[in-house]
């Protein structure tokens with residue numbers, strides 16, 4: 001029987017099946033509409049909108065685990081580089097009012113203009129042909145596809161069962 | 001007599017006068033060519049190119065102090081929000097091969113397209129008229145102007161002299 005446990009991300013109740021990293025203060029979440037393959041989020045477990053509301057312990061936890069996640073996505077998605085970004089507040093393009101770090105694998109030439117990625121991130125640009133995302137129009141992915149990606153990431157990062165028993 | 005001490009940022013020897021936060025593993029640096037008023041950098045003191053080369057202690061230090069810096073720039077530059085970003089590797093737009101966090105104060109409507117900021121960051125876009133940067137063409141600022149901004153930031157953050165004696 002599937003776990004009924006969920007984690008809050010803004011107004012959304014996220015099923016555990018879509019998560020792949022769990023710590024005291026943070027969790028890793030696959031993306032409903034990735035702008036690049038392997039575009040994932042690291043979310044602060046305490047729901048606050050702004051980065052300055054996190055405690056130093058929460059800040060450390062977010063980025064130390066963010067680094068683990070970044071290594072895993074770079075390897076699994078054969079990337080050369082990563083864009084790591086927090087849109088901290090509405091005027092910075094934040095849509096979900098809950099602190100989260102975007103980690104986006106990058107490959108040379110993935111976007112015609114290197115930083116077109118950000119307008120795509122904010123929904124004001126279109127995903128270019130060469131990105132090879134399964135669905136070019138950023139249609140939501142299926143629950144099955146997201147869960148499969150989460151399983152792959154859990155395997156790469158390791159320690160999932162232990163982390164669940166400790167932090168859930 | 002001015003201190004001859006410098007800090008390394010990629011190939012550049014940065015005079016202490018252009019810095020405003022100092023910790024065991026990180027320092028705050030004003031920008032030669034800010035894309036918005038208050039656009040500053042938090043730099044890892046150990047010179048490595050990629051985020052995954054930092055130790056967990058270095059990661060924590062960078063972001064805990066990055067949070068302090070972010071509070072100061074948001075207040076001093078009357079911002080509503082912040083863009084916080086690491087371009088981690090060449091394919092992500094990194095130009096200086098030394099881990100650094102961009103902290104950029106944002107105000108609603110500062111860029112016509114909200115994420116035009118990133119193409120400006122990478123030198124592929126132009127700074128829009130409404131940004132009110134002293135120099136619209138992103139000419140390098142004077143040493144005097146940068147030092148004055150560093151002094152203002154040191155005052156807001158506090159503890160500068162103690163940090164210097166402890167960490168320099």
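Observations on the model:
- By the compact-protein rule of thumb, 2.2 N^0.38 Å, the alpha-carbon radius of gyration of region B:1-87 corresponds to a ratio of 1.10.
- FRET efficiency, residue B:155 to residue A:139 (Cβ-Cβ, R0 35 Å, nearest 0.05): 0.10
- Distance from the alpha carbon centroid of region B:35-49 to that of region A:44-103 works out to 18 angstrom.
- For residues of A:92-103, the mean tally of beta carbons on other chains within 10 Å: 3
- Calculated label separations, residue B:159, copies of the chain, 7 Å along the beta-carbon direction, nm: 2.7
- Copy-to-copy label distances for residue B:75, where each label lies 7 Å from Cα along Cα-to-Cβ, are 4.2 nm in order of increasing length.
- Inter-copy separations for residue A:143, label at 7 Å along Cα-Cβ, nm, ascending: 6.4
- Counting, for every residue in A:46-53, the Cβ atoms of other protein chains within 10 Å of its Cβ and taking the mean gives 3.
- Residues B:60, B:23 in ascending order of nearby Cβ atoms (within 10 Å, fewest first): B:23, B:60.
- If R0 is taken as 22 Å, the Cβ-Cβ distance between residue A:49 and residue B:53 corresponds to a FRET efficiency of 0.10.
- Theoretical FRET efficiency, 1/(1+(r/R0)^6), r = Cβ-Cβ of residue A:96 and residue B:165, R0 51 Å, to 0.05: 0.75
Readers should treat all values here as calculations from the given coordinates under stated rules, not as data from a laboratory. Nothing here was measured: the structure is a model prediction, and the numbers come from that model. Don't worry about glycine lacking a Cβ; one is built from the backbone with ideal geometry, like all the others, and counts go over all protein chains shown.
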